[in-house]
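Laboratory data are not the source of any read-out in this text; all were calculated from the coordinates shown. Quick caveat: nothing in here was measured; it's all calculated off a predicted structure. Every residue, glycine as well, gets a Cβ built from its backbone with ideal geometry; the counts of neighbours run over all protein chains shown.
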Amino acid sequence: MNNGETVYCNAVDSIGNRLIGCTRVVNVEETALLRPSQRIPYTLLCSFHRNRLLRHNCCPTCGIFCTQGVFMECESKHQYHKACQSVLGDLSGCPHCGIIKSNEVFIKMHCSSKPIFLPTQNSDHPPAKMSFSSGNDDSSCSTPLLVPIDTFQTFNTAQIDNQDFTADDLLEAIDSNDVNKLAAIIVPFFCLNFTALDSIDLNFKIAEFNDGTLMHYSASKGHLGICHLLISAGLEIDEFDKDQNTPLMLAISEGRDDVVQFLIKSGADIAVKGTDGISPLHVASKQGNLRACRLLVESGSIVDRRDDGGWTALTWACEHGHRSTASYLLGAGADARARDVEHNEPLHWAAFSGREDVVGLLLDAGGDVNTVNAHGETPLHIAAREDRYNCTIVLLARGASVTALSKNNESPLDCVPVGGDCCGPIALNAKLQAIIGSGKRHKTLLCSDISRGREMNPIQCINTVDNESEPRDYIYITKNCTTSNHVQIDKKLTTLHSCSCEDRCTSEECECGKLSAKCWYTEDGRLQPDYNFSDPPMVFECNETCACNAITCKNRLVQKGIQQRFQLYKTEYKGWGVKTLRFIPKGSYVCEYIGEILTDVEANSRDEDDFLFDLDNKDVDSYCVDAKRYGNFARFINHSCTPNLHPVKVFIDHQDLRFPRIAFFALKDIAAEEELSFDYGHKFWLVKYKSFTCQCGVKECKYSDETIGEALLNYRRFMGDDESSQ
């Protein structure tokens, strides 16, 4: 027991011509007594000096540590004072091991700051002081200290002078995870201002390692300290190898999760795209590296980001059968029904991989067991073709149709290989359905995608009401168009106001945000809670002349396109309508009203005005968007007196105030399977009430047969016209 007194490390360092005692405090009860040799008495050492003792840096003759200066070093890297070497006749050798052959070496101590020598031993721990508290305590760090602050290195001066370090020496040091050897090669570049070693290019490509760099090589091997040293030496952290893999991607592929965490914290680009647009999160999901997925998502990776084939991270996890990874991604908000470029959903790929547990997971998350891809194939078609028996059983139990025909006119039974195990259960299910019937009215699928591949997610057309076929009296487009010379939109780049933000456009200094009064989008891609739908401000998104990163910029939402999933269906009383297939939170961007831009003069000359949307211009020239001949699915969104959508004027590729884009945002939370609606406005009903009235059916309806008269009277009073003539 030391009765509470402070006990210091007993080590003595030889620094030049000085002997300096250590100032580190030692816990007597937890520290074992050690000695460098039988000649020296046992003593208390701090963890730093214990480590050096074990590495034979302490002279066994005098017990003093060889810290800085010229010392002797044997072939086994044992260090000692020249005056302390063992002498036997005419021979002298290492007092550690007796080896005769030794060389002089110069050891240099490296500190984060210039050392200060004190006349007495003082604790290097700062005193406890009360101070002003900070509202944000972020002192914790899950990444351990990689290299001690007072790391010292040894350099063989003879080797440095002879320039005998080569690229092979670098690779050998990395192979053996020898941080000291690597530092001995590269630290002189930066600490000793040594220029003779410039012939060693640290950025050289390793031909045998796919033209990767030392960073690629170290990351793939999981050498954390080596990676730290290379980054400190200035190596590029995001460089591509021949296959467009970054060091982060290789660390993920090899399961080097500690290196993954370190690289992310060191600033590695988590949004970088490699071959075929694959990101680090795609790589982690493909490998089933759950910890890497967590690290990436928690660091801000976009969970539903797509590669060049339209695959999300969830798609990769399902295709390779990684249930735990798929479950985590779904919990992190991944879209269970995200489509690739051939309209395959994750459920198709789970069926392909034969993982019935992943199939069940996706169905529980809202997947459609009878969803079809661009070839008209359901997941059961895929499972049958691959003869995935267990998947087939699960799909049949969850209601998969055995009569669905692909575009090749094949049923699931037709897809089963000759003699396949799936033939029996599918054939039996088909017979049972034929005998007892389905017991319910099935949806009639008229079209698997009314956009014909133009939208990111397909929009099916369903009719369970009557025999009307899919509406085809228009041309589906995804951008507003013009068909005459009367509409001239100023799209010159020189007229665009743009920002010079280097961050994610989150500051009040963003020029695009200033045009909108503020940036109205939240971090999760919704309108701010204080956005006023009663008098909606115009929104100016960042454009192609802005300096910000188009991927990470917070002020880019509508331009990224439609992310939700919709279905066109026949309603009971209102003709065609549009419903959402998944939950949409309040404030989310839903879709854009697309059509043909017309002048009011052109619009008035047309016979039909059912699809006109007034752009509400205040100037002399007035314009509107007509979705009658050209449009997208938004042309089918019905009116409601209690709507769940509201139009907002948005500007992206131009800032001509006469021609805003009409973006619909969610006025409230919208449940899955709920019909979309917006308020057509009194101008529409003042014209249309003679032909038809509102069928929204809500209690607050203003334009039904019963309430339209009162609505007209109120409008005339508002306009100062009390005449009752119609």
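Pop the C-beta distance of Asp609 and Arg454 into the FRET formula with R0 = 22 Å and round what comes out to the nearest 0.05. Provide the component values of the computation, followed by the final result.
On the way: r = 26 Å, r/R0 = 1.17.
Once the sixth-power term is evaluated, E becomes 0.30.
At 222 nm, what helix-only mean residue ellipticity would the chain give, in deg cm²/dmol to the nearest 500, using -39500 (n - 2.57) for each DSSP H run of four or more?
On the way: 22 runs with 181 residues, N = 726.
Mean residue ellipticity, 222 nm, calculated: -7000 deg cm²/dmol.
Report, in listed order, any pair from Lys273/Lys649; Lys491/Lys683; Lys514/Lys586; Lys570/Lys683; Lys618/Lys649 with a Cα-Cα distance greater than 21 Å. Walk me through the intermediate numbers first.
Values: Lys273/Lys649 33 Å; Lys491/Lys683 30 Å; Lys514/Lys586 24 Å; Lys570/Lys683 26 Å; Lys618/Lys649 14 Å.
Over 21 Å Cα-Cα: Lys273/Lys649; Lys491/Lys683; Lys514/Lys586; Lys570/Lys683.
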Inset, instruction - Show the residues, 5+ positions off or on another chain, whose built amide H is closer than 5 Å to the amide H of Leu446. - result: Cys461, Ile462, Asn463
Legend entry - Stokes-Einstein diffusion coefficient of segment 165-269, Kirkwood radius over Cα pairs, 25 °C, 0.890 mPa s, in µm²/s: 179
Inset, instruction - May I ask you to sort Phe611, Phe718, Phe684 by Cβ crowding, counting other Cβ atoms within 10 Å and putting the fewest first? - result: Phe718, Phe684, Phe611
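For Leu91 and Lys205 in one chain, what is 0.36 nm times their gap in residues minus the Cα-Cα distance, to one decimal in nm? Mind showing how you got there, number by number?
Numbers: separation 114, 0.36 × 114 = 41.04 nm, distance 4.67 nm.
Computed gain between Leu91 and Lys205 is 36.4 nm.
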Inset, instruction - Mind giving me the nanometre distance, one decimal, between the label points for Ala83 and Ala332, set 7 Å out from Cα along Cα→Cβ? - result: 6.2
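Efficiency by 1/(1 + (r/R0)^6): what FRET value for Leu33 and Ser232, r their Cβ-Cβ distance, R0 = 41 Å, to the nearest 0.05?
On the way: r = 36 Å, r/R0 = 0.88.
With a Förster radius of 41 Å, E is 0.70.
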Legend entry - 14 Å Cα-Cα reach of Lys702 towards aspartates and glutamates, excluding residues that sit fewer than 8 places from it in its own chain: Asp679, Glu710
Inset, instruction - Give the long-range amide H neighbours of Ser588: residues separated by 5 or more places, or on another chain, with amide H under 5 Å away, using H modelled in the peptide plane at 1.01 Å from N. - result: Leu527, Ala666
Inset, instruction - Scale the Cα Rg of the chain by the rule-of-thumb value 2.2 N^0.38 Å and send over the ratio, two decimals. - result: 1.34
Legend entry - P(r) tail fraction, segment 12-109 - alpha-carbon pairs more than 22 Å apart, %: 28
Legend entry - Sorted by Cβ density within 10 Å, fewest first, the residues Thr482, Thr580: Thr482, Thr580
Inset, instruction - Would you calculate the separation in nanometres between label points at Ala397 and Phe106, each defined as 7 Å from the Cα along the Cα-to-beta-carbon direction? - result: 7.5
Inset, instruction - Using the Cα centre as the reference, give the magnitude of the dipole from point charges on the C-beta atoms of the chain (Lys, Arg: +1; Asp, Glu: -1; all else neutral), rounded to the nearest 20 debye. - result: 1300
Inset, instruction - Once you have the Cα-Cα distance between Arg291 and Ser469, take 0.36 nm times their residue separation minus that, and quote the gain in nm to one decimal. - result: 59.1 nm
Inset, instruction - List Glu592, Glu236, Glu602, Glu706 from most exposed to least, where exposure is judged by having the fewest other Cβ atoms within 10 Å. - result: Glu706, Glu236, Glu602, Glu592
Inset, instruction - Among the lysines, select those whose C-alpha is under 25 Å from the C-alpha of Lys77, and discard any that sit fewer than 8 residues away in the same chain. - result: Lys101, Lys108, Lys181
Legend entry - Computed P(r) (all Cα pairs; segment 271-368; 10 Å bins; percent): 19, 56, 24, 1
Legend entry - Convex hull of segment 180-331 built on C-alpha atoms - directionally averaged projected area, nm²: 9.1
Legend entry - Estimated distance in nm for a label pair at Asp535 and Ser266, the labels positioned 7 Å out from Cα along Cα-to-Cβ: 5.4
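Can you give the Rg to Rh ratio of segment 518-602, both from alpha-carbon atoms, with Rh computed by the Kirkwood formula?
On the way: Rg = 16.2 Å, Rh = 15.7 Å.
My calculation puts Rg/Rh at 1.03.
Multiplying the sequence separation of Glu572 and Ala517 by 0.36 nm and subtracting their Cα-Cα distance, what value in nm do you get? Walk me through the numbers before you get to the answer.
Details: separation 55, 0.36 × 55 = 19.80 nm, distance 4.32 nm.
Stretched fully, the Glu572-Ala517 segment lengthens by 15.5 nm.
Checking understanding here: applying a Kyte-Doolittle mean of at least 0.5 and a length along the axis of at least 18 Å (C-alpha), which whole DSSP H helices in the chain pass? Please report the intermediate quantities before stating the final value.
Numbers: long enough: 423-436 (20 Å, 1.15).
Answer set is 423-436.
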Legend entry - Overall Cα dimensions of segment 453-611, principal axis frame, Å, largest first: 56, 41, 33
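Determine the relative contact order of segment 459-598: mean sequence separation of Cα pairs under 8 Å and six or more apart, normalised by residue count, in whole percent. Don't jump to the answer; show the numbers that get you there.
Working: 174 pairs, mean separation 47.1, N = 140.
That works out to 34 percent.
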Inset, instruction - Return the aspartates and glutamates within reach of Lys431: Cα separation strictly under 20 angstrom, same-chain partners fewer than 8 residues apart disregarded; answer none if there are no such residues. - result: Asp387, Glu410, Asp414, Asp421
